[in-house]
Every structure is written in structure tokens, then in C-alpha cells.
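Written below as C-alpha cells is the structure these notes are about.
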Amino acid sequence: MTATTLFQRTSGRLGAPTLLLGGSLGSNLDMWRPQLPAFAERLRVVRFDHRGHGGSPVPPGPYRIEDLGRDVLALLDRLGIERASYCGLSLGGMVGMWLAAHAPERIERLVLICTAAHLPPADGWLARAEQVRTGGMGSIADAVLGRWFTPRYRAALPARVAPFRAMIAAGPAEGYAGCCEAIAGMDLRDDLPRITAPTLVVAGVDDPATPPEHGEVIHAGIAGSRLAVVPNAAHLANVEQPEAVAHLVLDHVLS
């Protein structure tokens, strides 16, 4: 499949090390706003939308994780970036594992947040793809929101949560479905030993979508990696615990 020209926003310090930020299934690059000031102060930050998400084109599905990874390589080429660190959450982390295993010369350091190398059952992802194609993104928005944030956070800070529900509901259904199909067909476990980039794995202790045991599998598979479990955080740990995640990422990328 031909690489998709991804929508991106670049900020931060010219000449500083580059950090790419790949987001969750159903999100757009605004999900990184909580970390942007801290990251941009010390890094050149490139946020992007996966194909089928946000401002990026929406080719017809199904997609593969490899397709999403090759989109990122094309983005690096377009921006003239030979080598960068990469931080991905959820789907973004899956793409990061593929990149680090298949294009190791492009990845300096790797951060994998609330993600998995294999996430069965495939039938569940295919059913979700069918649901959004027939019922639209609004039909899954509340269920996704329930995985993204803990009940405590949703109850205490409804004004902060509301834009994320709108983000989900406004997303392109075909893009979301195509990425669901990519996850259905994904198994990166055999790729993990090929990853040589220094890797930090971050899990949210309350994440129902990719519980900490998924982070433990990734940590066990990547030699020399480090695992950090963030308390009081569901799937979008970077939003629910912004300072803790920013500190972990910066410490790893700049060490």
C-alpha cells in the first residue's frame, strides 16, 4: 500500500533532538497537549495523526501496522529527519515497535505507553470495525471514553474529559475501522527481540484496554528495556497523569 502523507505539527527548539509522538486509536494529535510545553522546551517535537485519524487522509481499509509504520518513515523523509526518538501510546506504541524492529537506523530511543505487542481476540476488533462503519463513531464514544479514563477522573473533571469524547465522535469511521483491522492482524511479539533502541515501557495501573501485563510482555521481550507503572491512570495515562508521564519520557529521551 502506498504511504499516506500524514498531517503533522512541529514545535519546540530548532536543533534540539527530535521526538515523534504517535497517538491512540481514535485520537488526534491534540491528545499530546498536556505534555507539549514540557517537551517543546527541550526538544523538537513532531506530533502526527495516523492515517484515517485527525487531519490525515482516510484511505479505505483494512490497514496493517506495517502500513502505519511506513507512513511514519515517509513523514521522517519528508521532514528531512534521518533519526529521531519515538514515543507512542496505544496504537502509536504498536507503530513504534514496528519501526524500531524494521527500521532501527531511524529510531534513537523508544517510549511505549499503554500498548501491546499482541491484542486478541481478532474477532472483537473486527466487530468494532463493523460497528463504526454501520453505526458511526458516536456509537462507541462512551465505551472508548470508559477505557481512556478512570471513573474517578471522569467524575472529578468532566470539563477535561468532554473534549476527548468529542474527539472520538468526530473521527473518521473508516479510518478507525481500518486501524481496528490492523490491530486484529497484529502480532509483534517475535519482533521484540529485534529492537535495539533504548526502550522505556510505561503502563497505567488502571488501564482496562492494555493492562500492565501487556507492558510486562513487551519489557520481557526487549533486552535492556525499563518498565514503569503509573498509578491512578487508565489508557490515556499521559492525560490523566501528565506530569508523571512527561518526566518519564524526558528522562528517558534525554538521558
Name, by its number, the condition in (1) open to solvent by 70 Å² or more (accessible area, probe 1.4 Å); (2) at pLDDT 95 or above; (3) outside any helix (DSSP H, G or I) that does not hold for Glu243.
(3)
Matching residues, the stretch 1-21, being more than 20 Å from Leu112 (Cα to Cα) and more than 16 Å from the chain's Cα centre (by Cα):
Met1, Thr2, Ala3, Thr4, Thr5, Thr10, Ser11, Gly12, Arg13, Leu14, Gly15, Ala16
Could you please tell me which pairs satisfy a Cβ distance under 8 Å, a separation of 6+ or placement on different chains, a first residue in the stretch 42-58 that is of a type in the set (A, V, I, L, M), and a second residue that is in a loop (DSSP other than H, G, I, E, B)?
Leu43/Arg13; Leu43/Ala16; Leu43/Pro17; Leu43/Leu254; Val46/Ile81; Val58/Arg51; Val58/Gly52; Val58/Pro172
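To keep it simple, each residue is scored yes or no on (1) free of Cβ contacts under 8 Å to residues at least 24 places away in the same chain; (2) open to solvent by 10 Å² or more (accessible area, probe 1.4 Å); (3) under 17 Å from Ala100 (Cβ atoms).
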{"residue": "Ile195", "(1), (2), (3)": "no, no, yes"}
{"residue": "Thr199", "(1), (2), (3)": "no, no, yes"}
{"residue": "His219", "(1), (2), (3)": "yes, yes, yes"}
{"residue": "Pro231", "(1), (2), (3)": "no, yes, no"}
{"residue": "Ala234", "(1), (2), (3)": "no, no, no"}
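Surrounded by fewer than 19 Cβ atoms within 10 Å (Cβ to Cβ) and not aliphatic (A, V, I, L, M): does that describe Gly178?
Details: surrounded by fewer than 19 Cβ atoms within 10 Å (Cβ to Cβ): no; not aliphatic (A, V, I, L, M): yes.
Spelling it out, it is not the case that Gly178 is surrounded by fewer than 19 Cβ atoms within 10 Å (Cβ to Cβ) and not aliphatic (A, V, I, L, M).
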Could you grab me the full set of residues in the stretch 46-61 that are small (Gly, Ala, Ser), open to solvent by less than 30 Å² (accessible area, probe 1.4 Å) and farther than 7 Å from Leu6 by Cβ?
Gly52, Gly61
Test for Ser85: is it in a strand (DSSP E or B) and surrounded by fewer than 24 Cβ atoms within 10 Å (Cβ to Cβ):
yes
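Of all residues in the stretch 1-17, which are farther than 18 Å from Arg70 by Cα and open to solvent by less than 60 Å² (accessible area, probe 1.4 Å)?
In the first step, residues of the stretch 1-17 are kept if they are farther than 18 Å from Arg70 by Cα; the result is 9-17.
Scanning the stretch 1-17 gives Ser11, Gly12, Ala16.
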Where residues in the stretch 201-217 are more than 25 Å from Leu254 (Cα to Cα) and of a type in the set (Asp, Glu), which of them is surrounded by the most Cβ atoms within 10 Å (Cβ to Cβ)?
Asp207
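Select, from Glu130, Glu105, the only residue that is open to solvent by 50 Å² or more (accessible area, probe 1.4 Å) and under 30 Å from Pro198 (Cβ atoms). If you could, list the steps in order and put the result at the bottom.
On the way: Glu130 fails: under 30 Å from Pro198 (Cβ atoms).
Answer to the selection: Glu105.
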From the list Asp206, Asp251, Asp187, which one is over 28 Å from Thr4 (Cα atoms), among the acidic types (Asp, Glu) and outside any helix (DSSP H, G or I)?
Asp206
Quick check on Tyr153: is it over 28 Å from Glu108 (Cβ atoms), modelled with pLDDT of 95 or more, among the hydroxyl-bearing types (Ser, Thr, Tyr) and under 15 Å from the mean Cα position of the chain (by Cα)?
no
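The values are calculated or read from the model by the stated rules, or taken from the named source; none is laboratory data. Remember, it's a predicted structure, so these values are computed and weren't measured experimentally. All Cβ positions, glycine included, derive from the backbone under ideal geometry; neighbour counts span all protein chains shown. Accessible surface areas use protein heavy atoms only, side chains included; no ligands, DNA or RNA. Shrake-Rupley method; radii C 1.70, N 1.55, O 1.52, S 1.80 Å.
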